Amino acid sequence: MEYGKLVGDSFGYAKEGLFGHWVKWILLIVLSFLPAIPIMAGVILGIMTPTGSLGTLAAVLIVAIIIAIILAFPLLGYLVLIYRGEKPAPEVANWGALFSNGLKLFIVHLIYAIPVLIIAAVVLGSTVLTVILAASQSVTNPESMMGLIGALIFGLIILLIVAFIIWIIEAAAVVRFARTNSIGEAFNFGEIFARISKIGVGSYILALIIMAIIIGIIVVILEIIPFIGPIILIIVSPILALFEARFLCLLYDSVAEEAKPQA
């Protein structure tokens, strides 16, 4: 697999789709930033809420998260168009379809996230229990405390492994969903594993790692720039989104579809 070509073509797609198309770029910046608005508002309201009103605070944060998720649908729907292979990058239009496709893609992401969320809840619960026991000194035997800490570390390792495996599968699943417009096909593991196998498991995983490293390096570099770094990150976020979506599309298409027999 030509990883350099894969990276170059993906960045080229983002450049061609955004540079000179400023209205599209601005719209995508707005769509990228929209989900953060209710979260920030919820945090501000949470800070202003009296400490005794924990129920009110929880309700505010839940509502903020729900609104943020809904506001993310149009951007997710736009990514679906890229997964389908549209070239050049499509215009930000047909908002009903963007919202509908975004909702479906969110459902796919949510279902894939369930195992990670369950394990994360268990690990979080174990962490809280360990802290409470350590603070209250309910565990007088150091070996017992070490056992709790060891179990916590083991849980974190399991969480990372499961998250990594799901990420690998989901990278192909979202493209399959976009191509078939079927949520069920995002969980057709037979076809998904067959596609990954044709690409080559090692090549496929390495490509995903390269993509993640590139995005991670760019994000970290921009975040550590004082004052203007986060602003620049918001501005370039559409480039990163288009790069990632196109990368997954090209990776999925790096092997040809098998010809289907004629009826």
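The values are calculated or read from the model by the stated rules, or taken from the named source; none is laboratory data. This structure is a prediction, so every number in the text was calculated from the model and none was measured. All Cβ positions, glycine included, derive from the backbone under ideal geometry; neighbour counts span all protein chains shown. These accessible areas exclude ligands, DNA and RNA; they are computed on the full protein's heavy atoms, side chains included. Shrake-Rupley method; radii C 1.70, N 1.55, O 1.52, S 1.80 Å.
Points to keep in mind about this one:
- Restricting I218, I166, I210 to residues that are in a helix (DSSP H, G or I), open to solvent by 40 Å² or more (accessible area, probe 1.4 Å), in contact with a Phe, Trp or Tyr (Cβ under 6 Å, 6 or more places away or on another chain) and at negative phi narrows the list to I210.
- Of the residues making up the range 1-43, those that are assigned to a helix (DSSP H, G or I) and farther than 26 Å from G102 by Cβ are Y3, G4, K5, V7, G8.
- Qualifying positions in the range 44-53 - assigned to a helix (DSSP H, G or I) and among the β-branched types (V, I, T): I44, I47
- Restricted to the range 174-183, and to residues there that are of a type in the set (V, I, T) and open to solvent by less than 40 Å² (accessible area, probe 1.4 Å), the residue that is farthest from the chain's Cα centre (by Cα) is V175.
- For the range 184-207, a residue qualifies if it is of a type in the set (K, R) and crowded, with 16+ Cβ neighbours inside 10 Å, and exactly one does: R195.
- Residues satisfying the stated conditions in the range 85-107, i.e. in a helix (DSSP H, G or I) and surrounded by fewer than 22 Cβ atoms within 10 Å (Cβ to Cβ): W95, G96, A97, F99, S100, L103, K104, F106, I107
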